[in-house]
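Comments concern the structure below.
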Amino acid sequence: MAPDVSLWPLIGVAVIIAGFVLRFNPMIVVIGAAIATACAAGFGPVATLTAIGSGFLKTRNLTLAIILPLATIGLIERHGLRQHAQAWIQRFRHATVGQLLIIYLAVREGLAAVGLTALGGHVQMVRPLIAPMAEGAAEARHGSLPDKVRWRLRAMAASADNVGLFFGEDIFVAFGAVVLITTFLHEAGIDVEPLHVALWGIPTAAVAFVVHAWRLHRIDAALARELGGKASADDATVATKEAAA
Amino acid sequence: MNNAIFSLAHLYVLAGLVLAFVAVTTALDRNHPRRFGSAFFWGFYALVFLAGDLLPPAWIGAGVVAMAVIAGLRRVAPGPHETPALADYVARAQRLGNKLFLPALAIPGVAVVATLLAKQANFGGVGLLDKGNPTLAAVGMASVVALALACWLARETPAQGLREARRLVDAMGWALVLPQMLAMLGLVFSDAGVGKAVAWVTTHYIAMDVRFVAVAVYVLGMALFTVIMGNGFAAFPVMTGGVGVPVLVGMFHANPASMAAIGMFSGYCGTLMTPMAANFNIVPAALLELPDKNAVIRAQWPTAVSVLVVNVFLLYFLLPRP
């Protein structure tokens, strides 16, 4: 059966997949895919550059939220914010990495679910506060950390932010996703209540929270296995007392 | 009307000035290992923010291609930054103590308060936040307030703030620009009709009359297409228009609200697994100085796959029995 749409633009998808599999620089892969797709759709050189340029202009807002907080974060980092965050969390001797990140996941998902998506983020919260706190909590329990462990903790801190944000914001009625869903279905001749869409998001959001919280919880046991030291809070108290004695 | 103190146009200028500072200081830095490549990269990017609307889009396109090539040839690198010794950091941290948290928490705090108050705020016909995107404008405004607070607490100048911003921009490198490149690619894809082609392929080569297959194609297709596009919003119209509405609702009488909600979340599972969602996955890896750019994806994929499997069965059991 002959397709009634042109399949040539799929070349762009192939370029993306091949580029990432072959581990080319992502900037080159993306620009290559954009040029290949535009050529496959029959755009000339000027039309191709225009499509790239106007697309790039329209999406400037994406980078804004990353660039603007940098001066503040950099300035307080210069005054020891990350070191202070590490020292601060170590006052709570019972806190484990897993507990800390689960609390952050819960707070992030809960706040996103009521529309407060601005509370959090990688630049504002994860780099300056959450990742150093996770490292600090692990150091309090297991001593100095090998780089590999440090990197894994940072990645898990970033994952808690993403999972919390994604699965929280979609159950907020006024959020873009729910608006997009209801608008699209309306165009397709189906009318749904935004509230129903938001409510049907709750089971998945709950599953995502439970799965990710369980994985964050398992970090504690993995750290204890790899680095020695004490996995549970009671053992840690004993260890602290022994150290003090 | 977008007549506001913190309008996106004003914030673009602000971001452009930060980038221009990075470009100029890089160009003047004789000890920079990749002086001219880096200076052009950040300089052109600054121009896009400062004067993007005044230039012909084709010129911008040509500059973007040049930026990608420079980045691909590894001509973008961090400059030499003097970092204080760890002991200095610890000593400074003791001076300010918990006050250090205030500017960091002021960014989200001021952003939320500004969003809530923006509707009432009016300065002689000029609003506080951009009406088109109040959340983003609020983050911009909060950044300015927090910078002032940080300068006051630490007795620093905004110029030092700019130098610190340059240090962080350098640490991220071209990864900072990648989210915008990918969003641009998404727009080029939709102009070129990639979505239609994908929908045609999935609906013509897979046995969509089997309930479980249809559900799995919709859920996994949302995830897969999001992995390719980097954005669930781009995948949703394609998969829901191609499979969801005609097959799941039309043939199997799915509840449209539950189908759409589960479908969108399946897209988000894809977002957790793709380098194409650079601002969530690649930028944080750069920001946290992780050597493996895919470290955040590695931390997330088991969660994403588990949720996807649950979504397939959830949507399947929610279909009305025949």
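Please treat every number below as a calculation from the coordinates, not as lab data. What you are looking at is a predicted structure, and each value in this text was computed from that prediction instead of being measured. Here Cβ is always computed from backbone atoms with ideal geometry, including for glycine, and neighbour counts include all displayed protein chains.
Descriptive notes on the structure:
- Leading residue by the ranking (surrounded by the fewest Cβ atoms within 10 Å (Cβ to Cβ)) among those in the range B:26-50 that are in a loop (DSSP other than H, G, I, E, B) and not hydrophobic (A, V, I, L, M, F, W, C): B:Arg30
- Positions within the range B:287-302 being in contact (Cβ under 8 Å) with a residue 40 or more places away in the chain and more than 7 Å from every other protein chain (Cβ to nearest Cβ), in sequence order: B:Glu289, B:Lys293
- Criterion applied to A:Gly120, A:Gly168 was being surrounded by 22 or more Cβ atoms within 10 Å (Cβ to Cβ), touching a residue at least 40 places away in the same chain (Cβ under 8 Å) and not in a helix (DSSP H, G or I), and the one residue passing it is A:Gly120.
- Residue in the range A:83-105 that is surrounded by fewer than 23 Cβ atoms within 10 Å (Cβ to Cβ), assigned to a loop (DSSP other than H, G, I, E, B), facing chain B (nearest Cβ under 10 Å) and out of contact with any Pro (no Cβ under 8 Å at 6 or more places or on another chain) present: no
- Where helices (runs of 4 or more DSSP H) fall wholly inside the range B:75-162, the ranges with 3 or more residues that are surrounded by fewer than 16 Cβ atoms within 10 Å (Cβ to Cβ) are B:86-96, B:101-117.
- When the range B:249-278 is filtered for residues that are surrounded by fewer than 24 Cβ atoms within 10 Å (Cβ to Cβ), in contact (Cβ under 8 Å) with a residue 60 or more places away in the chain and facing another protein chain (nearest Cβ under 8 Å), the ones remaining, listed by number, are B:Asn255, B:Ser258.
- Residue match in the range B:121-139 (condition: facing chain A (nearest Cβ under 8 Å), in contact with a strand residue (DSSP E or B) (Cβ under 8 Å, 6 or more places away or on another chain) and touching a residue at least 24 places away in the same chain (Cβ under 8 Å)): yes
- Candidates in the range A:32-57 are the residues that are surrounded by fewer than 21 Cβ atoms within 10 Å (Cβ to Cβ) and of a type in the set (Ser, Thr, Tyr); of these, the one that is nearest to B:Leu178 (Cα to Cα) is A:Ser54.
- Failed criterion for B:Leu19 (all others in (1) without any contact (Cβ under 8 Å) to a residue 40 or more places away in the chain; (2) facing chain A (nearest Cβ under 8 Å); (3) not charged (D, E, K, R) hold): (1)
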